[in-house]
Each structure stands twice: as C-alpha cells, then as structure tokens.
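The values are calculated or read from the model by the stated rules, or taken from the named source; none is laboratory data. Since we're looking at a predicted model, the values are computed, not measured. Quick reminder, even Gly has a Cβ in these numbers, built from the backbone with ideal geometry, and neighbours come from all protein chains shown. Heads up: the accessible areas ignore ligands, DNA and RNA and are worked out on the full protein's heavy atoms, side chains in. Shrake-Rupley method; radii C 1.70, N 1.55, O 1.52, S 1.80 Å.
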Amino acid sequence: MASALVHRGQGFTIERIVVGALDNNVFVVTDSGTGETVIIDAADDPTAILEAVNGRSVTSIITTHGHWDHHQAAEPVGAALDAPFLLHAADVDVAQKTPDRLLDPGPFSIGDTGAMILHTPGHTPGSVCVLLEGVVLTGDTLFPGGPGATHFSHGSFPTIIGSIEEHLLTLPDDTIVFPGHGEGTTIGAERPQLPDWIERGW
C-alpha cells in the first residue's frame, strides 16, 4: 500500500502505510521546515517504507512496543537509512532484539517539531505512545473502543487502564489518536467509554 497523508499539523506532517498480515500502521512523521523524519513502527515491508520516505533524512525508527509485528522491518530499514532502531528498555526481552538505542520517556525532537515519548505499560511493559501537538500515536495501547490486548503473560489490564487514564485521557478532547492497527479516533470519543472498559475487563 502506498503512503497516505493522514494529518497536517503545525509544522509537521504524518503519513501512514498499512503493511503485513496484521495490517499494521507504519507512521512517517516529517518536520516541514527541516525535512527531518522519524518512522514510527517499521512493522513490515521494508520496500514500501523506503519508498514512502523517498530519500528524506530519517533520524530514527521509534518502536512503540516489542511485539514482533511492529518491528519486522526495523533492521533492514535502519540499515538502508543509517537510522537507529529505538525501543524502551522494558521491552527488549519481549522483542528478542537489541535496539541500537534505548528509548527513554520524555521530550523528543523531530527537526524543529517537539514530541513527547509517553511510557504507557500494560499491553507490554515497555509500551510507549508518541505525543505531538494535537495528535498521539498510541501503538497498541489505545484503539477506538478500548485498550489493547493484555492477555499475554507480560500484559496487565489494570496497568494499561492506569496508563490510559494518566497519560491519554488527560489530553484535550480533540486530540487525534492514531493506533498501531486500524483507523483513528479522538480522546473525546474514547474518554466516556472508560467505565465500560473497566466493567468488561478488557
């Protein structure tokens, strides 16, 4: 699938490519002024990802969590672009791969665009979300209609609910949510559903 522009922010753009058997979303975030680019979840199909970035200056590959379907193309894409593969320390064992650099929570720059790495454990111990102005890329932490799966041995439903409450539902209602699979939503659309998620337990 070719990349498609899904968001134009203040000074940055976000493109999406859908790849692999599980229809993973790969996001390409580019600072409009400098052209500096970051790939979020090099999930599969390195050829499609390389075509999407099309010679742009890719400075890193951020991986939202260690599940195999989110980083299958990280190594070949990173090698082709000389871009480091970043992963939170708590998910190195989940990924069974050693990242080029550990991904620490906190401020993160993409050219002149400021972002924030939010540590949102629950789906996996090292799950992260990437927050930009007006938009958050949630990996498998939050989808339209609820949190990501927590039935794995390293998952925890109470933990993911706590992460969503603390880091995501505190964002403005109009914040756009782009998850790791499927279509987007907004924080305002999801916040009222929290009691239902807690009651059903998944």
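Helical runs assigned H by DSSP (4 residues or longer) give the chain a calculated mean residue ellipticity at 222 nm of -4500 deg cm²/dmol, each run adding -39500 (n - 2.57) before division by the residue total. Per-residue accessible area (protein heavy atoms, 1.4 Å probe) orders L118, L142 as L118, L142, starting from the largest.
Residues within the reach of a label modelled at H151 (point 7 angstrom out along Cα to beta-carbon, backbone nitrogen below 18 Å), restricted to segment 28-71, are 67-69. Between D82 and A21, the modelled label-to-label distance comes to 3.6 nm, taking each label 7 Å out from Cα in the direction of the beta carbon. Residues within the reach of a label modelled at W68 (point 7 angstrom out along Cα to beta-carbon, backbone nitrogen below 16 Å), restricted to segment 16-44, are 20-24, 43-44. Contact order, relative form, for the chain: 15 percent (alpha carbon pairs under 8 Å, 6 or more residues apart, mean separation divided by residue count).
DSSP beta bridges confined to the chain are antiparallel in about 70 percent of cases.
Accessible surface ranking for L81, L137, L194, 1.4 angstrom probe, highest first: L81, L194, L137. Phi angles across segment 60-77 convert, under the Karplus curve 6.51 cos²θ - 1.76 cosθ + 1.60 with θ = phi - 60°, into 3J(HN,Hα) values of 6, 10, 8, 10, 5, 5, x, 4, 3, 6, 9, 9, 4, 9, 4, 6, x, 5 Hz, Gly and Pro given as x.
A 1.4 Å probe, protein heavy atoms only, puts the accessible area of T141 near 0 Å². Label sites at I198 and D100, each approximated as a point 7 angstrom past Cα along Cα to Cβ, lie 4.2 nm apart. Straightening the chain between T34 and R191 buys 53.0 nm, computed as 0.36 nm per residue apart minus the Cα-Cα spacing.
I need to check one value: relative contact order of segment 16-87, counting alpha carbon pairs closer than 8 Å and at least 6 residues apart, in percent. That works out to 29 percent. Straightening the chain between T47 and T170 buys 40.5 nm, computed as 0.36 nm per residue apart minus the Cα-Cα spacing.
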